[in-house]
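Have a look at the structure below before the remarks.
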Ligand SMILES: Nc1ncnc2c1ncn2[C@@H]1O[C@H](COP(=O)(O)OP(=O)(O)OP(=O)(O)O)[C@@H](O)[C@H]1O
Ligand SMILES: [Mg+2]
């Protein structure tokens, strides 16, 4: 089961530059929340605040609250937060110095699992959930670079799922993939939302419309409008949202 | 008419520049040739055995490079051990932990460390470091004879060299870390890795070459350092077998012996030492550079 | 569950250990510099004060010092002028004219040469001018030291000028020379000056290449007239003098201040701002 994530008045900056202004957004359990908006509006920064990855960048600061199932993640140990709130990046980033198996096992090992049989079992389960098992089961000990980009992205998903998170954040997970791999990922998201709460940043409005239950529109560091995906796309309340979703700018 | 003359100017300009290139390269070739020519008498006299003859004895006109090679390698080894351990960890700190302003202050200090001339290091080595070692080995039992008094010897020279080489190691390693892929490190952090785990898992695998390169560059620099070493190594070309014993290195020998009044064979032997020094630094320097992309280091700051 | 909690603690401890070891090592890296700056600053200023108390020695010492400093400035400046003009010209050739293969040959040669120990330059000049001690030989030795470094850094700065600007200029009908002087050098001049000042700062403190030429010469002539500051400092340290150590500290302080000033100037010129 996933857990709900809630951002309250989240602001973020790099040095003096304000990137996010008081964003409040509820991301409901076992639903897909899409975040859309023009480039540079702070979408990535926002979801990086959710798993406390933002604060690791030089000059990055944030304020506001992020609640995971009602508990503030900024009161927790950051490594524990990131363990519960997984993240998939816009470019597949498997560990290039590790085998496919070791990639999936990396998170488990970090958190102290040493038993080989259990590692193998969890890795297989994660690879199955990421819809990759059948493609790699015979070559688990090859380097991850032996896979295609789309497979690498699913490997990253498997790696993230292996440590049993409750929320999965995805930053344009299909933006560097071909249409077919994109389709596979989208089907996967559909599948995953039964078990996880999913937040996905996307540039692709059709993609948001296809996969998301809820959508939020960001502009210049502010959350302009949020609502069910259907509502946001068909009856936007704000003119800027309307302009964006109808392709008049951005 | 006009066009021809413009082309003529261009050609002339390019020609002048090409001559400058030839002068630069020619000066290099002339230098190496000079070293070879000047060492001919010594090469004739001693042949290859020059390399492993364990005595350097001007009184009996017996010259061998082994004691100097010994001193060079031993001091360089101490220097690299120090600079390697401290330098690499410092480079990791400067990229991975700490408050930004402290990082930039330390970076600035290390850059200054790199521009301090070796003769100033010499003052510090002679008047600060050596006395400390002298006292220290005195407390330690004073069994090491002359070292107990002056502090001169392999260890003092190695430590000073280590300090001199460290900025190189830090600068190169830091660049290597900075050019390691960020997204891989973020992948590790997103899995809940601590700083230490992130460094071990997702940073270090990408900087091994850079570290190796920085150590080779440091080695080349340590070998070539004459002034500061000659002030504290003790200037006695012999194989003492102890870290506390006096010794001499290739470059240091050149610094304190070659004064123009030496007999011809000794001068030739010294030039052969110079040639040897050139070959060795070139090999290590070349090895170092082969691990480090030219563009990886800003032209502003190249401490070697 | 119990094992997991304890493993979490282990990880945290490991990370804390990691951070503290790194901090300790970093302090260790800075320690020698602080010791050096402190000892030379402290003793240098103390020696300056005590020397200025004694009128006779002050006269002698300051005359010697001023002389050495002046000679240093003259040698460094003249060798810098020669090495920079030759070296930058060569770098313009290697970055703007040379084809791929020629460029690679030049870069390789210059790279190898710039890694060579500076003391060898003195030996070469000493042999070529057959033991004649002179200002010229000293300057030439410094030039020999500096040249490869100047070519290498200048080439690197010039190569970094985006090809688009160069092509843009050529496309407007400018000649090669016009492109170099109106486009390439103006874009690169700041980094170029900074890089060259760094090289000069390092050369200003070089004693090794001068050592053999000038020390050898003075030994045979019995005079100490020509001794730029680094060399004078070295011989004070080795031969001792009438003001043992004190004068060395003063000289080291002056040298350090001079070089750090050039370095600071270089950093100031190269300070990051809009391109
Ligand atoms: N590490 C950083 N340091 C300084 N500024 C940054 C950093 N990362 C991002 N920014 C700035 O923050 C702003 C928002 O960046 P962010 O990556 O969140 O945008 P985005 O909406 O994800 O854009 P895109 O759609 O292009 O991915 C941008 O203006 C960017 O320049
Ligand atoms: Mg983004």
Equivalent-ellipsoid semi-axes of segment B:39-296, from the Cα gyration tensor, Å, largest first = 39, 22, 15
Projected area averaged over orientations for segment B:1-111, convex hull of C-alpha atoms, nm² = 15.4
Rg over Rh [alpha-carbon atoms, Kirkwood Rh] for segment C:71-269 = 1.07
So, relative contact order of segment A:70-180 in percent, Cα under 8 Å, 6 or more apart, is 47
Can you give the angle from 0 to 90° between the axis of helix A:149-162 and the longest principal axis of chain A, with both taken from C-alpha atoms, to the nearest 10?
-> 80
In whole angstrom, the spacing between the Cα centers of segment B:224-275 and segment A:153-184 equals 64
Computed over the Cα atoms, what is the radius of gyration of segment B:237-296 divided by 2.2 N^0.38 Å, N being its residue count?
-> 1.51
Distance from the Cα centre of segment C:102-166 to that of segment B:178-198, in angstrom?
-> 41
For segment B:205-278, what mean projected area does the convex hull of the alpha carbons give, in nm²?
-> 6.4
Quick one: among B:25, B:43, B:227, which has the greatest mean-square fluctuation in a GNM of chain B with alpha-carbon springs under 10 angstrom?
-> B:25
Over chain A, what is the mean sequence separation of C-alpha contacts under 8 Å (at least six apart), divided by residue count, expressed as relative contact order in percent?
-> 28
Shape metrics for the protein assembly as shown, restricted to C-alpha atoms - Rg then Dmax, Å = 32.2, 102
Convex hull over the alpha-carbon atoms of chain A: what's its volume per residue in Å³?
-> 120
Whole-number percent relative contact order across segment C:71-269, with pairs defined as alpha carbons under 8 Å at least 6 apart = 29
For segment A:1-63: rounded, prolate or oblate by the Cα gyration tensor [a/c cutoff 1.5] | prolate
Among B:26, B:158, B:213, which one shows the biggest mean-square fluctuation in a GNM of chain B, springs joining Cα atoms closer than 10 Å?
-> B:26
What value, in deg cm²/dmol to 500, does the helix sum -39500 (n - 2.57) over DSSP H runs of n ≥ 4 give at 222 nm once divided by the residues of chain A?
-> -10500 deg cm²/dmol
Alpha carbon convex hull of segment A:197-250, volume per residue in cubic angstrom = 80
List the equivalent ellipsoid semi-axes of segment B:163-290 in whole Å, largest first, each obtained as the square root of 5λ for an eigenvalue λ of the Cα gyration tensor.
-> 43, 15, 10
Let me have the 222 nm mean residue ellipticity of chain C computed from DSSP H runs of 4+ only, each contributing -39500 (n - 2.57), with the sum over all residues rounded to the nearest 500.
-> -26500 deg cm²/dmol
Calculate, axis by axis, the spread of Cα positions in segment B:183-227 along the three principal axes, and write the results as whole Å, longest axis first.
-> 50, 15, 11
Note the angle between two axes, namely the Cα long axis of helix A:100-110 and the longest principal axis of the Cα atoms of chain A, as a number of degrees from 0 to 90, rounded to the nearest 10.
-> 70
With everything on Cα atoms, drop me the angle between helix A:179-192 and the longest principal axis of chain A, reported from 0 to 90° to the nearest 10.
-> 90
Build a GNM of chain B with springs between Cα atoms under 10 Å: which of B:39, B:290, B:230 gets the top mean-square fluctuation?
-> B:290
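We did not get these values from a lab; they are worked out from the coordinates using the rules stated. Just so it is clear, the structure is predicted and the values come from calculations on it, not from any experiment.
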